[in-house]
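Heads up: the structure comes next, in structure tokens.
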Amino acid sequence: MNRNVGIVIVSHSVDVARGTAEMVRQMVGDEVPLAFCGGNPDGGLGTNVESIMSAIDTAWSDRGVAILVDLGGAETNSEMAIELQPQERQGLIVVCNAPIVEGAVMAATEASGGASLDEVKRTAEELSPA
Amino acid sequence: MTAGPREMQDASAVVLDAAARRTLIETVARRIIDHADELTALDQAIGDGDHGLNMKRGFESVLADLGAHAEKPLPDALKAIGMSLVMKIGGASGPLYGTLFMAFGKELPAEPSHGDVVRAATAAIAAVKARGKSDVGQKTMLDVLVPASEAFAGGKDPAAAAESAAEATIPMKAIRGRASFLGDRSIGHMDPGARSSALIIAAIVEALEQTV
């Protein structure tokens, strides 16, 4: 399963994250390790480092993991979660600067073809305004 | 041993015993928890309205471990508190305040001199800048942390500097964070992160003066 880059979806809303993951599964299939999380530690809107770390574990691939985020706190918390990963994972996890839904589908499509982490990130980020 | 900001200007090291550390940590945590509604109101004006609730959740988790935190040497206590904030706040302020406390603890010796505190504060502020990809003048917590740290370095009261610096964020336009979505409409409101930083600094100064 971990021959392809993994995808993690981090939204402030667990419903947005779950819905985005469902779209990825339906449009791309099961070839890509995939995990999502959303909400603060009390279950309200927000993001939290602990659930992002566990999503990274779930979607872990030796080829790396690309994270798609929605708004500011999701990015900051994702970067914190990356720093708290074991040394051997550093450099193998990236946050994509891309819209969360479209970015996740594009990144997963690219990943499902066996692309490298760099290629997955670049493809997702082609969606971002220059 | 004494620890007020004025007493700390000489080169001698300050030693806080477990009771003093407990007072310090508890004062800071309760100050934030007591002002949660005010922070939320500020955040409702220019952010997403969760700053008070998030900070309250974070500092309640600090209080829950108060005994364990107070038993640790100050640098280790700061690192543990930072990690609690990272894990429990649930918004961008989690990594930002978590990084502030963790980086401060990483740089601080167990019995710091005034110069040690200045150096550790400078390093911690640099870490927050990197975490938030931000700098002074962007209507953030940094607009309080930097002038307060400079005041402390110069032998002035950091709490007074922090309070006026928080006021000074009112006419600023947000460049970073959620408030930046509002552009010019962010002008006229105090930045919630600047306010929470000023609250923390005031609580630290008060707690240290109590332990004199």
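None of the figures in this text is laboratory data; all of them are computed from the coordinates on show. Please read all numbers here as calculations on a predicted model, not as lab measurements. With ideal geometry, Cβ positions are generated from the backbone for all residues, glycine too; neighbour counts draw on all protein chains shown.
Starting from residues that are surrounded by 20 or more Cβ atoms within 10 Å (Cβ to Cβ) and under 22 Å from A:Gly39 (Cβ atoms), keep the ones in region B:55-79 and report whichever is nearest to the other protein chains (Cβ to nearest Cβ). By that ranking, first place goes to B:Arg57. Among what's in region A:34-81 and is acidic (Asp, Glu) and more than 9 Å from every other protein chain (Cβ to nearest Cβ), pick the residue that is farthest from the chain's Cα centre (by Cα). Going through the qualifying residues, I end up with A:Asp62.
Here the condition is being more than 15 Å from the chain's Cα centre (by Cα) and either surrounded by fewer than 21 Cβ atoms within 10 Å (Cβ to Cβ) or within 28 Å of B:Gly67 (Cα to Cα) (or both); of B:Lys139, B:Lys129, B:Lys133, it holds for B:Lys133 alone.
The single residue among B:Ala120, B:Ala103 that is away from chain A (no Cβ under 14 Å), within 22 Å of B:Ile32 (Cβ to Cβ) and in a helix (DSSP H, G or I) turns out to be B:Ala120.
Given the structure, is A:Asp15 closer than 16 Å to A:Ile100 by Cβ and acidic (Asp, Glu)?
On the way: closer than 16 Å to A:Ile100 by Cβ: yes; acidic (Asp, Glu): yes.
Here the answer is yes, as A:Asp15 does meet what is asked.
Here are some residues: B:Gly90, B:Gly82, B:Gly94. Which one is within 13 Å of chain A (Cβ to nearest Cβ), touching a Phe, Trp or Tyr at 6+ places or on another chain (Cβ under 6 Å) and surrounded by 23 or more Cβ atoms within 10 Å (Cβ to Cβ)?
Details: B:Gly90 fails: touching a Phe, Trp or Tyr at 6+ places or on another chain (Cβ under 6 Å); B:Gly94 fails: touching a Phe, Trp or Tyr at 6+ places or on another chain (Cβ under 6 Å).
Within the list B:Gly90, B:Gly82, B:Gly94, the selection yields B:Gly82.
When B:Glu111 is tested against (1) out of contact with any helix residue (DSSP H, G or I) (no Cβ under 7 Å at 6 or more places or on another chain); (2) assigned to a helix (DSSP H, G or I); (3) acidic (Asp, Glu), only condition (2) is not met. The set of residues in region B:159-195 that are assigned to a loop (DSSP other than H, G, I, E, B), of a type in the set (A, V, I, L, M), within 14 Å of chain A (Cβ to nearest Cβ) and under 20 Å from the mean Cα position of the chain (by Cα) contains only B:Ala174.
Among the residues of region B:44-54, which ones are buried (at least 23 other Cβ atoms within 10 Å of the Cβ) and away from chain A (no Cβ under 12 Å)? Spell out the reasoning first.
Taking region B:44-54 and keeping what is buried (at least 23 other Cβ atoms within 10 Å of the Cβ), we get B:46-47, B:50-52, B:54.
Listed by number, the residues that qualify are B:Ile46, B:Gly52.
Only a single item in (1) surrounded by 23 or more Cβ atoms within 10 Å (Cβ to Cβ); (2) among the hydroxyl-bearing types (Ser, Thr, Tyr); (3) farther than 23 Å from B:Pro112 by Cα is not met by B:Ser197, and it is number (3). For region B:123-157, taking the residues that are free of Cβ contacts under 8 Å to residues at least 12 places away in the same chain and not aliphatic (A, V, I, L, M), the one that is nearest to the other protein chains (Cβ to nearest Cβ) is identified as B:Asp135. Any residue that is within 12 Å of the chain's Cα centre (by Cα), away from chain B (no Cβ under 14 Å), closer than 30 Å to B:Glu60 by Cβ and crowded, with 18+ Cβ neighbours inside 10 Å - is there at least one of those in region A:102-119? No, region A:102-119 has no match at all.
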